[in-house]
2 protein chains.
Amino acid sequence: MSELTISRELTAAGCTAQMELPLQSLVREIIDAATEHANSLGFGYARLIEEGNAWVLSRLSIEMSRFPQVGENFSLTTWIESFNRHFSERNFEICTSGGEILGYARTIWVAINIATRRPADLTAFTELEKSVSGKVCPIPPQSKVRMPAEFEHSRNYNVVVSDIDSNRHLTTARYVELVVDCLPLEVYDHFTVHKFDISFMRECTFSEKLTIAHTFHDNCLIAVISGEDGKISCTAKMELKARI
Amino acid sequence: MSELTISRELTAAGCTAQMELPLQSLVREIIDAATEHANSLGFGYARLIEEGNAWVLSRLSIEMSRFPQVGENFSLTTWIESFNRHFSERNFEICTSGGEILGYARTIWVAINIATRRPADLTAFTELEKSVSGKVCPIPPQSKVRMPAEFEHSRNYNVVVSDIDSNRHLTTARYVELVVDCLPLEVYDHFTVHKFDISFMRECTFSEKLTIAHTFHDNCLIAVISGEDGKISCTAKMELKARI
């Protein structure tokens with residue numbers, strides 16, 4: 001099974017003020033689709049944990065022409081673009097049930113040893129190469145986010161219970177929310193997310209006090225989330241486009 | 001159709017640190033099931049908005065023997081217990097796909113005019129009485145939450161973009177998260193939510209500065225969320241039980 005498709009419907013309880021799928025919910029669906037596909041190929045959580053390893057999301061890039069709207073049925077199709085003993089590249093196509101392509105996503109997953117948090121060696125998993133698909137992802141690979149010399153805005157955030165996932169770290173979707181929440185509601189009334197890039201460097205844990213710094217110029221937000229020790233947990237870039 | 005059942009699977013990306021369905025996600029599923037059932041009966045959003053009205057959740061009570069675990073398939077069955085021209089009582093049974101009953105919920109929905117925010121008169125909807133089901137909900141109706149004379153803990157919270165729903169108010173699931181987040185992670189490692197009651201009085205909007213006050217005694221949390229003007233937005237009571 002070189003591709004897997006999951007289907008969803010956007011309900012009223014799950015949409016934004018603009019009646020669309022929230023970016024953070026799209027990211028959660030991307031992770032769910034990746035998890036289900038990896039499990040179905042026999043390279044999921046259950047297999048990796050046998051050697052004390054687990055997949056960790058390292059980078060994510062999304063480019064959307066538009067987001068699913070409330071009541072709309074949509075699907076995510078995922079496939080593996082490449083695989084080596086250190087990481088795998090997995091892509092996504094987001095469509096309506098009518099076949100309209102809404103956007104694409106690229107992700108990079110690294111296998112780590114869950115005890116040491118160091119990269120695992122996946123040499124034994126060479127059969128995974130057979131699952132690589134030739135399907136084309138038309139969005140470019142993520143380029144490094146260029147950080148400004150100084151950020152114009154900064155706020156603190158204390159990690160709470162509802163932020164914590166099954167690995168006892170700040171959950172990926174919440175990082176995305178913290179970035180989305182850098183801007184006021186009116187911005188999203190007039191603009192929609194066109195491109196979104198995020199890179200993860202360091203995991204955050206319960207009750208940590210984070211600093212979220214950002215700048216916003218020319219419809220482009222650059223944000224960085226750091227821990228109390230000043231170490232960067234993630235960097236993100238979000239490009240908006242005007243609603244028509 | 002006097003009952004409606006929705007089925008779900010709890011994925012790894014959607015569970016708590018304790019590998020269970022988060023209380024706030026259960027609440028979102030409850031609202032989704034209610035919305036779908038009301039729509040299917042012809043008394044949903046589309047019908048009420050014709051007269052400028054909408055259903056608003058006023059009270060919610062949940063009692064769980066246990067929560068769905070990661071990878072587990074579960075379902076919510078909803079039915080109407082009673083209906084009059086001011087409000088309707090709608091109940092829920094939460095089961096595993098194997099038929100184990102995990103818990104029940106009771107909700108009270110009030111129809112309001114969305115312009116005036118005043119109660120609507122549903123006299124014209126008497127046909128809804130035909131949809132009342134005789135199915136029994138074994139948990140008692142919500143009793144008034146008794147507020148302590150003084151709260152021991154208090155924190156502030158600024159309403160951000162990701163809190164806002166399609167009505168441009170703080171979304172119900174986020175109120176529940178704010179209550180859950182009153183307690184530290186270790187509490188949930190040792191205890192699970194047994195009963196949860198919440199009542200909504202006043203809607204919160206974007207950028208409002210809220211105060212969340214709580215006390216926690218004998219495994220019971222009492223919390224109140226208020227706006228800047230001191231007016232209460234919601235009160236909640238959460239009873240925990242020790243994990244076995």
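Here are a few things to note about the model shown:
- Looking at B:TYR157, B:TYR188, B:TYR175, just one residue is within 14 Å of another protein chain (Cβ to nearest Cβ), modelled with pLDDT of 90 or more, surrounded by 13 or more Cβ atoms within 10 Å (Cβ to Cβ) and not in a helix (DSSP H, G or I), and that residue is B:TYR157.
- Scanning region A:42-57 for residues that are farther than 16 Å from A:THR172 by Cα, buried (at least 18 other Cβ atoms within 10 Å of the Cβ) and in contact (Cβ under 8 Å) with a residue 60 or more places away in the chain gives A:PHE43, A:LEU48, A:ASN53.
- Selection within region A:134-154: residues that are farther than 24 Å from A:PHE216 by Cα and in contact (Cβ under 8 Å) with a residue 40 or more places away in the chain. The member of this set that is farthest from the other protein chains (Cβ to nearest Cβ) is A:LYS135.
- Looking only at region B:204-234, and only at residues there that are within 14 Å of chain A (Cβ to nearest Cβ) and surrounded by fewer than 16 Cβ atoms within 10 Å (Cβ to Cβ), the one that is nearest to B:VAL27 (Cα to Cα): B:THR205
- Given (1) over 24 Å from B:ASP165 (Cα atoms); (2) away from chain A (no Cβ under 12 Å); (3) free of Cβ contacts under 8 Å to residues at least 60 places away in the same chain; (4) of a type outside the set (Val, Ile, Thr), number of the condition B:GLU63 does not satisfy: (3)
- Subset tally (residues that are of a type in the set (Gly, Ala, Ser) and over 20 Å from B:SER58 (Cβ atoms)) for region B:72-124: 6
- Verdict on A:ILE30 being part of a strand (DSSP E or B), in contact with a Phe, Trp or Tyr (Cβ under 7 Å, 6 or more places away or on another chain) and either closer than 23 Å to A:ILE164 by Cα or in contact (Cβ under 8 Å) with a residue 40 or more places away in the chain (or both): no
- The condition (being over 16 Å from A:THR126 (Cα atoms), surrounded by fewer than 21 Cβ atoms within 10 Å (Cβ to Cβ) and at pLDDT 95 or above) is satisfied by just one residue among A:THR11, A:THR77: A:THR77.
- Whichever residue in region B:14-58 is more than 8 Å from chain A (Cβ to nearest Cβ) and touching a Gly at 6+ places or on another chain (Cβ under 7 Å) and, among such residues, is farthest from B:GLU127 (Cα to Cα): B:SER25
The values are calculated or read from the model by the stated rules, or taken from the named source; none is laboratory data. For clarity, every value in this text was computed on a predicted model and none was experimentally measured. Cβ coordinates were reconstructed from backbone atoms using ideal geometry, including for glycine residues, and neighbour counts include every protein chain displayed.
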